[in-house]
Amino acid sequence: MALPREPRQKMINIMYLVLTAILALNVSAEVINAFRTVKKSLEDSNNNIDKGNQTLFTSLTDKMKDPQTLFYCSECIDNFGRYIQRQNS
């Protein structure tokens, strides 16, 4: 492909090059904004899960302080252990 010799054609080629660069910059900004949105969404999800885990852990810790609940849990664990042993036999 030969290079254009006329100034008009050179100007048109430069304009297409500039237009392509501008479009590339716009797409890049949109892609970066999409990554920012995804990052914020993931951070929010992680924070919500951390809060839920902390609430669950606090609840379990409080329930372990009650002797009756502790006895019931140990019974359930023993029954489950026996069930697993029967399944493996």
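Data for the structure
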item	result
Computed FRET value (nearest 0.05) for Phe57 with Asn79, which takes r as the C-beta separation and R₀ as 25 Å	0.55
Nearest-ten-degree value, helix 7-64 long axis tilted from longest Cα axis of the chain	10 degrees
Computed accessible area, Leu3, all protein chains, 1.4 angstrom probe, square angstrom	150 Å²
Size of electric dipole in the chain: Cβ of Lys, Arg +1 and of Asp, Glu -1, about Cα centre, debye, nearest 20	540 debye
The range 7-53: C-alpha gyration tensor shape, a/c 1.5 cut-off, then a/b vs b/c	prolate
Entry for Rg/Rh (Cα atoms, Kirkwood Rh) (calculated from the structure that is shown) out of (i) 1.09; (ii) 1.62; (iii) 1.16	(ii)
Calculated FRET efficiency for the pair Gln9/Val31, C-beta based, R₀ 35 Å, to 0.05	0.60
Computed accessible area, Tyr72, all protein chains, 1.4 angstrom probe, square angstrom	140 Å²
With Cα atoms, 0 to 90° folded angle of helix 67-88 axis to the chain main axis	80 degrees
Carbon plus sulfur fraction of accessible area for the chain, probe 1.4 Å, in percent	64 percent
The chain - accessible surface per residue (Å², probe 1.4 Å)	97 Å²
Heavy atoms of Glu43: accessible area, 1.4 Å probe, square angstrom to 10	90 Å²
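The values are calculated or read from the model by the stated rules, or taken from the named source; none is laboratory data. All figures in this text were calculated on a predicted structure; none of them were measured in a lab. All Cβ positions, even for glycine, are placed from backbone atoms using ideal geometry, and neighbour counts span all protein chains on display. Calculation scope for accessible area: heavy atoms of the full protein, side chains included, ligands and nucleic acids excluded. Shrake-Rupley method; radii C 1.70, N 1.55, O 1.52, S 1.80 Å.
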